Amino acid sequence: MIRKSILIVSLSFFSIYAIAECGSPSAPKLPDGAVSTLEDMLAGQKAMKAFQAEVVQYRACLVGIDEEVGDDISAAQATIDAKLDEMRQLVLEADDEAKAAHEAMLAKYNAAVDSEAAIAGEFNIEIREYKAANQ
């Protein structure tokens with residue numbers, strides 16, 4: 001019981017701390033597929049991969065993973081998902097302040113996921129435009 005109480009208090013404290021300390025990555029400048037060269041598109045692809053890695057690291061930070069998650073995005077996401085599951089279980093018994101902090105963290109987490117998906121979708125449009133312009 002004491003261990004669970006300590007975990008709930010630390011969840012509340014950490015969630016507030018994480019939101020304040022985790023820096024959201026900036027979206028990369030995407031090439032205009034209709035007029036870009038192959039080199040521009042490859043640079044855009046490289047920027048997208050770097051952005052995706054930064055977003056994964058940001059999400060890791062939000063859930064309390066301080067160390068670098070590495071280049072294997074799938075493995076990193078599995079670690080993040082495990083931490084989220086642990087937090088979901090703890091927050092069930094938390095006080096209102098901890099629950100509010102958890103909800104705020106989840107809102108930022110979900111916004112990062114949505115942002116990554118939207119920017120990836122925009123880049124895919126630019127790829128299609130590049131292919132159409134260079135057939």
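None of the figures in this text is laboratory data; all of them are computed from the coordinates on show. This is a predicted model, so every value here is computed, not measured. Glycine also receives a Cβ, built like all others from the backbone with ideal geometry; neighbour counts cover every protein chain displayed.
Things to note:
- Cross-link partners for Lys46 among the lysines, with Cα-Cα distance under 18 Å and sequence neighbours closer than 8 places in the same chain left out: Lys29, Lys131.
- Acute angle (nearest 10 degrees) that the helix 73-91 long axis makes with the longest principal axis of the chain, alpha-carbon atoms: 30 degrees
- Charged side chains reduced to their Cβ positions (Lys and Arg at +1, Asp and Glu at -1) give segment 2-133 a dipole of some 120 debye around its Cα centre.
- Over the chain, DSSP H runs of length four or greater, each weighted -39,500 (n - 2.57), average out per residue to a 222 nm ellipticity of -27000 deg cm²/dmol.
- Segment 81-135: GluC sites (Glu not before Pro) in DSSP coil with no more than 14 other Cβ atoms inside 10 Å: Glu93
- Relative to the longest principal axis of the Cα atoms of the chain, the long axis of helix 2-21 lies at roughly 40 degrees.
- Using only the C-alpha atoms, the convex hull of the chain corresponds to 103 Å³ per residue.
- Nearest 10 degrees, 0 to 90: helix 96-133 Cα axis against the chain principal axis: 10 degrees
- Our summary gives the chain a relative contact order of 42 percent, counting only alpha carbon pairs under 8 angstrom and 6 or more residues apart.
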